[in-house]
Amino acid sequence: MPLLVSWLRKRLQTIANCFYMKRSFQKHVCFVGVFFQLLTWYTSFAGYPVSAWLGIDQGLSNNFVRCIYQDKNGFMWFGTYDGLNRYDGYEFKTFRNNFKNNRSLINNWINAIGEDAIVVSESVTNFHVVSQHLRRTRPGTLFSSGGGSLGYNGGAAVGVKLARPDALVVAICGDGSYLFSQPSTVHWMARAYQAPFLHVVLNNGGWRAPRQAVLSVHPEGIAARAPKIDIDFPQPPDYAGIAAAAGGAHAERVKTVAEVKPALERALRAIREERRAAVIDAHIA
């Protein structure tokens, strides 16, 4: 308050001095100066907000905004029904799905934005696609084994959750690597040590990596020409059910795009409110 009183005293003295100026030009300059000083004071102390409308006319791809997020660099991100928009304070840059570009968005309906989740990825043959769509921007939010063996994802996710108990930890893996991770043990540990995380199983019906390896090494060999080399799972186990039985995890199975969002919402609710892990068996083939 003393600072405000002192500021007002100086400004009033400036106004008083204006009345004693003899030249009209000097009076005009003095008045304009005082006007802008008072305008600055009014907007500063009265809390008058400065607002702006951002919409299609300003470059936003769609006026139906589903989510808003500000990243660590200050950029504002707007998720809409027609792409993801980044606003730098001056203009928008829009990211959309392009079926000719496998690095573009997988879908133009953006329902959630965030960069704080920690991802443990062991998606194997889908690793590059998953990494491109996740677009992790913060160090320490994307982990992978880097080795040749499978099964790293489950135990790693429990360890990350123990190290960062307040973070949302997501393990993404194929159905084959899920089996190698010993899910019954992993989800029993997740419950025992109160380390709930989201486990997403990209279910393509078997081990795709061995077939790709065969084709890359012996493209003209017998195995490459064979219709089956015993790497398919014609009668797969209940992946989410294993976690539910062993560790009380929330279980979901999705087979269509429309089922993804509700399943994610239920899974995240189980993790955040019920403090139990969740497994989503996502059929991609």
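Classify region 115-283 as rounded, prolate or oblate from the Cα gyration tensor: take a ≥ b ≥ c as the square roots of its eigenvalues, call it rounded if a/c is under 1.5, otherwise prolate when a/b beats b/c and oblate if not. Because a/c hits 1.5 or more and a/b exceeds b/c, region 115-283 counts as prolate. Distance check, please: which entries in Lys228/Lys255; Lys93/Lys161; Lys161/Lys228; Lys161/Lys261; Lys72/Lys261; Lys72/Lys161 exceed 28 angstrom between their Cα atoms? Beyond 28 Å: Lys93/Lys161; Lys161/Lys228.
In terms of other Cβ atoms within 10 Å, Lys261, Lys100, Lys161 run from fewest to most in the order Lys100, Lys261, Lys161. Placing unit charges on each Cβ (+1 for Lys and Arg, -1 for Asp and Glu) gives region 115-283 a dipole about its Cα centre, and among Ala263, Pro227, Ala209 the Cα reaching farthest toward its positive end belongs to Ala263.
The numbers here are math on the coordinates, done by the rules we state, and not lab data. None of these values were measured; they are calculated from a predicted model. Neighbour counts are summed over all protein chains in view; Cβ atoms, including those assigned to glycine, are modelled from backbone coordinates with ideal geometry.
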